[in-house]
Number of protein chains: 2
Amino acid sequence: MPEGNSNGSRSRAGRTEGGRRRLRSALAVAALDLFASKGYDATTVEDIVEGVGVGRRTFFRYFRSKEEVVFPDHDERLAEVVEELERSDADASPMRVVCRAAETVLETYLAEPEISLKRFELTRQVSSLRDREIVSIDRYQRVFARYLRRCYADGPNADLRASVTAATVVATHNHVLRRWLKSGGEIDAHGALRAALDDAGIVDREPSGASGGAGESENDVVIGVLRTSAPAETVRRRIESALREFPGSG
Amino acid sequence: MPEGNSNGSRSRAGRTEGGRRRLRSALAVAALDLFASKGYDATTVEDIVEGVGVGRRTFFRYFRSKEEVVFPDHDERLAEVVEELERSDADASPMRVVCRAAETVLETYLAEPEISLKRFELTRQVSSLRDREIVSIDRYQRVFARYLRRCYADGPNADLRASVTAATVVATHNHVLRRWLKSGGEIDAHGALRAALDDAGIVDREPSGASGGAGESENDVVIGVLRTSAPAETVRRRIESALREFPGSG
DNA sequence: GATGCTAACGGCACTGCGTGCCAACAGCAA
DNA sequence: TTGCTGTTGGCACGCAGTGCCGTTAGCATC
């Protein structure tokens, strides 16, 4: 009789389906409450499960680690982004696709502001959680880079261009997210992201009339930045780099 | 008599100064050897200290954790970069300073190729070590961004520009480092970094004659990239962004 | 040479995370 | 009732990392 539980009444009811998500949620809520009240390090898994009335072993069946309870279903989120990239229109500008994906990521934070803000507070205080978040952000960046690398596959310096572009988009996303978090979720994050992507020199908006063909490009003005004293190779590279921003040329 | 050590003869010699570094090095070597031979996870701290003939407790006096033995004196390296940025010429182009710093970081890898390559092999196999490296790379990026933020302090969008530039430089550095590691340390990493920074559209080279003054800028040609259908605000931003690349205008 | 001080080391015990294993139990089908 | 499956709790275990204390080497001092 392993029912030697000091906790008398517990709904040991069979959780075939919906019960699992309820319990998972209950564990997460209890954990975050404790983390906020007595600190992350001072909170043991024992403390968490005690409040929910469940065994310590069960906790690790719902979360791989104590840290994961702070970033639940992060894998699913990442998988969603991967899927979004994979099913993206092959004709669309890769830059635009990635920017959309960044917007999707931002959306996951905006969808539940109170949780995001609470997590932000936690990650600010606990270094191990901060590190964990850095790692998950890097996962997104990797996924972006992989997608872009495929798009650029035939061009020169595909790998470098993909890495740099992914880094730029992610850095911009993080900048906006940070501002949103620091504002307590007040500012218009979507608008800020659009503006920031624009400021960062990334083409996000679809050109007004054209759909990516080369026919309308006569209206475009190409401007680059270089010195007349620069070597010819540099000039070539810079112009190539500039041309990449136009759809249909990548 | 807690000298109940099964290990009979051990040089319990007094290590006042040089002995510390020797022991630290011996521990690191023993650890890396074991990691390579029987795997990181399968190697316990007990195993490591056993070969060196030292107590388990002592290991943690030399390394804060089992992971740190793979990335020794990473904090010092970071501190060196911070110092390099702080004592940089205030008149120099911030972009150039950061690129130099990235070169310094690359140099720390090139200085001891066999260790870097061994560590690369380890981080490829062990996810926790990979995560750890991602975090330390992010530390550099943060330091770069902080420096650039100060330089851009008076300009518009200083924070965003600093973050994006830092991300770009770091991504470029990582790209080159990765290629160097994958080549087994064969390729010319320095040259590759210069070329990559150039490809990524970053101004690294000092202009041939001028020293950053405005007097010589008549020789410069300003070229940007935008669409004629873009709103006026976008045009203004893009031109501003282009002008930033010239020394004396940031 | 005896004494005291400091720094490093070894060992021990302890906390806490994460895991493997097993018995118990609910739900369902035959 | 019997068998099968999935979930749970408890238990034991390995291991990382820490606090504590006794011991020892090295050095200065009397």
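Quick look at the values:
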| read-out | value |
| --- | --- |
| Computed Kirkwood radius, in angstrom, where 1/r is averaged over Cα pairs of segment B:18-62 | 10.4 |
| Solvent accessible area, Å² - A:THR58, 1.4 Å probe, full protein context | 30 |
| Simple label model, 7 Å out from Cα along Cβ direction - B:ARG64 to B:HIS190, nm | 3.3 |
| Per residue accessible area in Å² of segment A:18-62, where ligands, DNA and RNA are left out and the probe is 1.4 Å | 57 |
| Interface area, B with A, accessible, probe 1.4 Å, both sides summed, Å² nearest 100 | 4100 |
| Karplus 3J(HN,Hα) series, Hz, for segment B:124-138 with 6.51 cos²θ - 1.76 cosθ + 1.60 (x for Gly, Pro) | 6, 9, 9, 5, 5, 6, 4, 4, 4, 5, 4, 5, 6, 4, 4 |
| Percent carbon-and-sulfur accessible area, segment A:74-205, ignoring ligands, DNA and RNA, probe 1.4 Å | 48 |
| With every protein chain in place, segment A:18-62: carbon and sulfur % of accessible area (1.4 Å) | 48 |
| Gain in span if fully extended, A:ARG57 to A:ARG87, counting 0.36 nm per residue against the direct Cα distance | 6.9 nm |
| Spherically averaged projected area of segment B:55-122 from its Cα convex hull (nm²) | 5.8 |
| Rg and Dmax [Cα atoms of segment A:74-205; Å; Rg one decimal, Dmax integer] | 14.8, 45 |
| Pairwise label distance in nanometres, A:LYS182 with B:LEU110, each label 7 Å out on the Cα-Cβ vector | 3.6 |
| Partner chain coverage, peptide B:131-138 - average Cβ within 10 angstrom | 5 |
| Number of partner chain Cβ atoms within 10 Å, mean per residue of A:150-161 | 2 |
| Set of lysines with alpha-carbon distance to B:LYS66 below 26 Å, sequence-local pairs under 8 removed | A:LYS66, B:LYS38, B:LYS118, B:LYS182 |
| Around A:ASP75: net Lys/Arg minus Asp/Glu count, Cβ-Cβ under 11 Å | -1 |
| Per-residue SASA entry for B:ILE137, accessible area with 1.4 Å probe, Å² rounded to 10 | 40 |
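The values are calculated or read from the model by the stated rules, or taken from the named source; none is laboratory data. Just so you know, these numbers come straight off a predicted model, no measurement behind them. Using ideal geometry, Cβ is built from the backbone for each residue, glycine included, and neighbour counts are taken over all protein chains shown. Areas reflect the complete protein model, heavy atoms only, side chains present, ligands, DNA and RNA absent. Shrake-Rupley method; radii C 1.70, N 1.55, O 1.52, S 1.80 Å.
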